[in-house]
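Each remark here refers to the structure printed beneath this line.
The values are calculated or read from the model by the stated rules, or taken from the named source; none is laboratory data. This one's a predicted model, so the numbers in the text were calculated from it and none came from an experiment. Here the Cβ is made from the backbone with ideal geometry for all residues, glycine too, and neighbour counts use every protein chain on show. Accessible surface areas use protein heavy atoms only, side chains included; no ligands, DNA or RNA. Shrake-Rupley method; radii C 1.70, N 1.55, O 1.52, S 1.80 Å.
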Amino acid sequence: MTDDQSPQDQSAQDHSTTDLRGDCANCFGLCCVALPFARSADFPVTKAAGTPCANLQDDFRCGIHARLRPQGWSGCTVYDCFGAGQKVSQITFGGRDWRTAPETAREMFDVFPVVRHLQELLRYLTEALALEAARPVHAELRAALEETRRLTLLPAAELPGVDVGAQRQLVGGLLSRASELARAGVPQPKKGRPSHRGADLMGARLRGAALRGADLRGAYLIAADLTGADLRDADLLGADLRDADLSGADLTGSLFLTQPQVNAARGDSATRLPASLTRPAHWTGTAAAPATARAGAARPARNAAGRSRRGGGRRPGRGC
Ligand code: SF4
């Protein structure tokens, strides 16, 4: 804990390191069953929600983990449940799995996406609480975090009734304020910083662009050329980075960037990432590193409906 951190802030950070990453060893393969995907550039087959993937083994591990990308399952490498899998498996359902207790299956699969949304919010809130510049809103962030955490712990029968949209809206507003406070101290060009929030930048040529401290929240950066771009301290919450080229880009200090977003992009050994994120194994010229939570038991990603802007499928995350 740093000198100016409150015990509550430290508690939030501890939470991030223990509960907000997928722990496949303690999950019943929920994302490989509960979620649908469609045949596309990301998946070689179509699978309905609630149907186990053919590659899911009896021990809930993926049978082709080491070969996902070569075999056309790249969508499986850009997904993270943010800890929802183990929470639903071990807490909500107390360790009863859908194979040996099939009466739990439907409810478990219904609950999983709800908890996943909430866990994603917890991940953002935890990051915001680590921003010293956001101290003016820390109390509200803490309250939102505790409420969101409480919702994740509701009984299975109550979870489908959670108004996830309302919670997203509440948290999204707080994160915007935290982001503005954090980026206020970032040097900006004389003519000011234009907002790219939600902008359509698909395929945009942004090579070497000066985007330090930019608001790129929810921007569509699919296949954008961001090679060598300065993205330090940029707010990338929910930005769609699928196939964006981040080679040589500097994302140090970027806000609300998640591992699934990074995994969905391209990059190289010169790309600079926030310390909390791992360089994906598929980035050329880099040492191998796990794309998802744990080697040997990868969980699926779901860019289900291909790469269209409004595909309707699951992307690495669209934030708040
Ligand atoms: S990680 Fe992907 S391929 Fe493997 S079992 Fe899960 S959904 Fe199937």
Quiz item: If each of Thr46 and Ala133 carries a label point 7 Å out from its Cα toward its Cβ, how far apart are those two points in nm?
Solution: 4.7
Quiz item: For region 27-75, what does the alpha-carbon gyration tensor say about shape, rounded, prolate or oblate, given a ≥ b ≥ c as the root eigenvalues, a/c under 1.5 as rounded, and a/b over b/c as prolate?
Solution: oblate
Practice problem: Keeping the other protein chains in place, figure out the carbon and sulfur percent of the accessible area of region 207-246, with a 1.4 Å probe. | Solution: 43
Quiz item: In what order, largest first, do His65, His138 sit by accessible area if the probe radius is 1.4 Å?
Solution: His65, His138
Quiz item: Among residues other than Thr104 whose Cβ falls under 13 Å from its Cβ, what is the net charge (Lys/Arg +1, Asp/Glu -1)?
Solution: -1
Practice problem: Determine the per residue accessible area of region 98-227 with all protein chains present and a 1.4 angstrom probe, expressed in square angstrom. | Solution: 46
Quiz prompt | region 24-39 - phi-based ³J(HN,Hα) in whole Hz, Karplus 6.51/-1.76/1.60, Gly and Pro as x | solution = 4, 5, 10, 10, 8, x, 4, 5, 7, 10, 5, 8, x, 8, 10, 4
Self-check item: Estimated translational D of region 65-194 in µm²/s (Stokes, Kirkwood radius over Cα pairs; 25 °C; 0.890 mPa s)
Solution: 145
Exercise. With a 1.4 Å probe and every protein chain kept in, tell me what percent of the accessible surface of region 64-198 is carbon plus sulfur.
Key: 55
